[in-house]
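The values are calculated or read from the model by the stated rules, or taken from the named source; none is laboratory data. Bear in mind that the values here come from a model prediction, so they are computed numbers and not experimental data. Glycine gets a Cβ as well: all are built from the backbone with ideal geometry, and neighbour counts include every protein chain shown. Surface accessibility is based on the protein's heavy atoms, side chains included, excluding ligands, DNA and RNA. Shrake-Rupley method; radii C 1.70, N 1.55, O 1.52, S 1.80 Å.
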Amino acid sequence: MKERVLVIDDESLIRISLEAGLSDMGYEVVTAGTIAQGLAAAERMRPNVVLLDNCLEGDVGTDYIEALRHLDEEVRIIMITAYGTVAQAVEAIRRGAYDFVQKPFDLDELNLIIRRGLDELKKDRSLKAVKGKQRELIGNSPATEEIRSQIRLLAKNDNVDLLIRGETGTGKEVVVNMIHYTSARQAGPMVKINCSAIPENLLEAELFGYEKGAFTGAVKTKKGLFELAHGGTVFLDEIGEMPLAMQAKLLTFLEDRCFKRVGGLTDIPVDVRVVAATNRRLEEEIAKGTFREDLFYRLNVMQIFIPPLRERVEDIPVIADYYLRHFNQKFSKEIEAIDSAYLGEMRRYYWKGNVRELRNVLEREVLFCEGKTLRGAPLAAFGGGAAPAGVKDLSLGPIDLEAETAAFQRAYIRRALALSGENSTAAAELLGISRFTLKRRMEDETVRN
């Protein structure tokens with residue numbers, strides 16, 4: 001999308017030459033001959049840069065810097081005048097102008113000032129945005145290598161939206177950061193939006209912004225997070241928590257890549273990649289009516305699934321070593337290694353909190369470790385980690401899945417029959433199956449002797 005430049009100057013030749021020259025340089029240019037026309041144009045087009053003549057017929061340009069910035073506090077205002085003085089320049093900057101040039105000016109030099117202002121605007125947006133630090137995806141398991149391969153593909157195709165799925169703590173945000181910072185969008189903002197953390201009545205204004213006077217308290221126009229992310233990536237975390245009304249508006253945005261601010265009438269186009277993440281089973285949410293099926297298919301152009309840590313135990317020693325070095329530096333420790341027995345316990349532990357839980361455990365253990373080898377307290381002391389009853393530890397070797405599944409089925413059938421007093425109809429209801437199905441499975445498994 002072209003950057004927008006507004007020229008406010010009472011000399012028609014200046015307006016014509018700037019419109020022609022800047023248009024040739026790739027800008028979208030609108031001109032105005034008076035302050036009134038300029039303010040109206042600014043409210044309509046929302047320029048990125050305003051070239052403002054300081055000596056207009058009957059008006060002084062610097063007197064209107066505040067009015068222009070009130071419409072958009074990020075706009076870069078460059079003062080132009082034939083009567084430049086140091087005092088005027090200082091006053092213009094004090095009032096909020098970005099720079100000050102004197103007529104006659106060279107178009108190429110003016111372009112350099114405009115580009116510098118736009119580049120600084122992008123940097124400012126990046127700092128204001130909720131921006132994650134670039135991090136690595138740690139591990140060498142086949143699943144992790146497959147995710148890295150998908151990240152490389154998505155980095156080359158930076159207009160593809162995607163859905164990231166996985167349990168809490170598996171590293172969904174790390175994957176988003178890697179995709180953003182290895183793509184052509186890396187110079188743009190990476191804006192994170194936690195859909196569960198923003199109240200429903202404020203979510204639309206946060207995402208799309210609002211116009212001055214749109215509601216009580218809207219004393220000036222505010223850009224939304226989608227607009228601030230122009231040229232970059234929007235990360236919609238916990239998308240499964242988004243209210244249905246907002247899901248419909250998000251779907252419209254994804255289809256058109258433009259939106260209206262709350263209280264606004266003008267469509268605002270933006271160039272962003274949208275990445276959504278969830279730990280919910282969206283198919284089940286669709287069945288319950290809490291998530292739109294059409295939005296699911298629109299987001300699910302490309303999907304990355306991050307398996308839980310307990311299903312990629314090969315990664316545990318690598319991740320543990322990474323965080324050992326990290327917390328050594330943080331706490332000024334000199335721990336050289338993790339005890340092999342403790343690593344074995346880590347491999348057997350059922351990490352309900354995934355990588356996040358492993359990180360927290362190591363932070364505590366490194367903090368209290370006094371020697372060169374980290375031995376650690378028993379992991380059971382951290383209040384979790386036990387696998388569901390009957391689930392065997394796959395890190396100890398392969399299992400017979402069919403035999404294990406049959407054993408689970410026999411156990412459930414026995415339990416249901418015991419609770420129902422050997423009444424087949426009542427037992428079938430407890431198991432959520434028909435009496436006929438229960439009878440067939442009892443015969444197949446020879447449950448009754």
State yes or no: is MET25 within 30 Å of ASN159 (Cα to Cα) and either modelled with pLDDT under 90 or of a type in the set (Lys, Arg) (or both)? no
Can you confirm whether ARG261 is buried (at least 18 other Cβ atoms within 10 Å of the Cβ) and at pLDDT below 95? yes
With the requirement that a residue be surrounded by 17 or more Cβ atoms within 10 Å (Cβ to Cβ) and without any contact (Cβ under 8 Å) to a residue 60 or more places away in the chain, what does the stretch 135-150 give you? LEU137
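Matching residues to (1) open to solvent by 30 Å² or more (accessible area, probe 1.4 Å); (2) farther than 28 Å from GLU293 by Cα; (3) aliphatic (A, V, I, L, M):
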position: ASN159; (1), (2), (3): yes, no, no
position: VAL174; (1), (2), (3): no, no, yes
position: HIS180; (1), (2), (3): no, no, no
position: GLY188; (1), (2), (3): no, yes, no
position: LYS192; (1), (2), (3): yes, no, no
position: LEU202; (1), (2), (3): yes, no, yes
position: GLY209; (1), (2), (3): no, no, no
Evaluation of GLY96 against (1) closer than 30 Å to ARG257 by Cα; (2) within 37 Å of the chain's Cα centre (by Cα); (3) surrounded by 15 or more Cβ atoms within 10 Å (Cβ to Cβ); (4) of a type in the set (Gly, Ala, Ser) (one fails), failing number: (1)
Only one of ARG348, ARG375, ARG310 is without any contact (Cβ under 8 Å) to a residue 40 or more places away in the chain and not polar (S, T, N, Q), namely ARG375
Of these, GLU227, GLU255, GLU285, which one is open to solvent by 30 Å² or more (accessible area, probe 1.4 Å) and of a type outside the set (Lys, Arg)? GLU255
Do any strands (runs of 3 or more DSSP E) entirely within the stretch 1-86 hold 3 or more residues that are touching a strand residue (DSSP E or B) at 6+ places or on another chain (Cβ under 9 Å) and open to solvent by 30 Å² or more (accessible area, probe 1.4 Å), and if so, which? 28-32
Can we say THR221 is in contact (Cβ under 8 Å) with a residue 40 or more places away in the chain, of a type in the set (S, T, N, Q), under 11 Å from VAL275 (Cβ atoms) and in contact with a helix residue (DSSP H, G or I) (Cβ under 8 Å, 6 or more places away or on another chain)? no
In the stretch 294-353, which residue that is of a type in the set (Phe, Trp, Tyr) and part of a loop (DSSP other than H, G, I, E, B) is surrounded by the most Cβ atoms within 10 Å (Cβ to Cβ)? TYR349
When residues of the stretch 263-284 are filtered for being out of contact with any Lys or Arg (no Cβ under 9 Å at 6 or more places or on another chain), without any contact (Cβ under 8 Å) to a residue 60 or more places away in the chain and not small (Gly, Ala, Ser), how many remain? 3
